[in-house]
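See below for the structure under consideration.
Every number here is computed from the coordinates shown, using simple stated rules; none is lab data. No experiment lies behind these values; they were computed from the predicted model shown.
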Amino acid sequence: MERPVSVYRCDAVNCMGTISSTAVLDISKSLSSQTNSAPVLTETLIDKKVKIGELVELSIAVSRVSLPVRVVWWNHGSQIAVGDKYSVVENAEGRYSVVINPVELCDDGEWKVSVENQFGSAASECTLTLRVPKNYRKPRFVENLKAVLTKAGLVSFECKVVGYPTPVLRWFKDGAELKPGDVYQLSGSRSLGTYSCLARNCMGEAVSTAALTVEDIGEKFPESKSELRFLVPLQDAAVKIGDKHRFSIQVTYSPCLEIAWRYKEVAVGNNERVTLSKEDGGFYHCDINQALLEDEGEWSVIAKDSGHEIDTKCLLSVTVPKHYKKPRFLEPLKAVLTEEGAVNLEC
């Protein structure tokens, strides 16, 4: 058997840079206090009756001498997927829970939890019974999704859906979820595709779909005679390292407009530090959440429609106060195993 060794790392990060420190912990001594046997459940699952739509928590407790263990939750024979609805909670005392919020019709019935360690496995089962009020109904589309042109030059995707409790609506384009809301401004060929509305409540879900094609754009947006140009171009700017900065432009309206942001001729997209957005009136923004030295240099925007392509450029300077310093470890990371079996990390 290989020696049970754990490696821990601490990263220190600020706007000036990053530094790391590591520590190695051999926990072989702590294994002597564990038993060489399958997991022992000191608390098992119990049957529950709850109202549909409420929060439900199913819990077990595992003897501490059985730790560490791997715990998997099952509903109707299928492993659950942890996410918005199902969350898994555990603590160092050996207590494990699954939280269902909200509990839905599909959760009614058999639940099971399996617990494994290197010496064997154990399991527990229970039945979850849901009370469903008579007026509860699964979502249903009274009017299917359709695209409607507004006076502001936007395409509004509209539909009518009924159900109780009131369904939550989610919007998708070509299978990818869109931001909340039912109106999206056209932005060139990227607007083409299949749009869907998913209506969901604790009783179930329903979907309605509509497609936006090149023909739709041609019918809804006859060609404009206005020239494509920047009403507000990019402006040179300076920002202190670590601060936020916003680039903004305004461009004349075009039915097939595409906007591309670039930094030193490299395409820029949404990420942890950069957020791209747009507003009515032809305004487009690029927000830097935390300016770094690597952001210094030339930024540009390319605006393109079916017949024209224009660009605007600016220079960004990043200033660094004299007292700013990169992180430095005065003492390296240390990993210490306590008598209770916990690991303390110090640096």
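If you model the range 54-107 as an ellipsoid using its alpha carbon gyration tensor, with each semi-axis the square root of five times an eigenvalue, the axes come out at 22, 12, 9 Å, biggest first.
Pair-distance distribution P(r) for the range 44-134, from all Cα-Cα distances in 10 Å bins starting at 0: 16, 51, 26, 7, 1 percent. Derived from the Cα gyration tensor, the three semi-axes of the equivalent ellipsoid of the range 230-323 are 26, 12, 11 Å, largest first. Pairs exceeding a 22 Å alpha-carbon distance, out of Lys51/Lys85; Lys244/Lys322; Lys240/Lys325; Lys173/Lys313: Lys173/Lys313. Would the range 81-125 count as rounded, prolate or oblate if I go by the C-alpha gyration tensor, calling it rounded below 1.5 in a/c and otherwise prolate when a/b exceeds b/c, oblate otherwise? Since a/c reaches 1.5 but b/c is at least a/b, the shape of the range 81-125 is classed as oblate.
Enumerate the aspartates and glutamates that Lys134 could reach by cross-link, defined here as Cα to Cα under 20 Å, with residues fewer than 8 away along the same chain left out. Excluding near neighbours in sequence, the set is Glu54, Glu104, Asp107, Asp108, Glu205.
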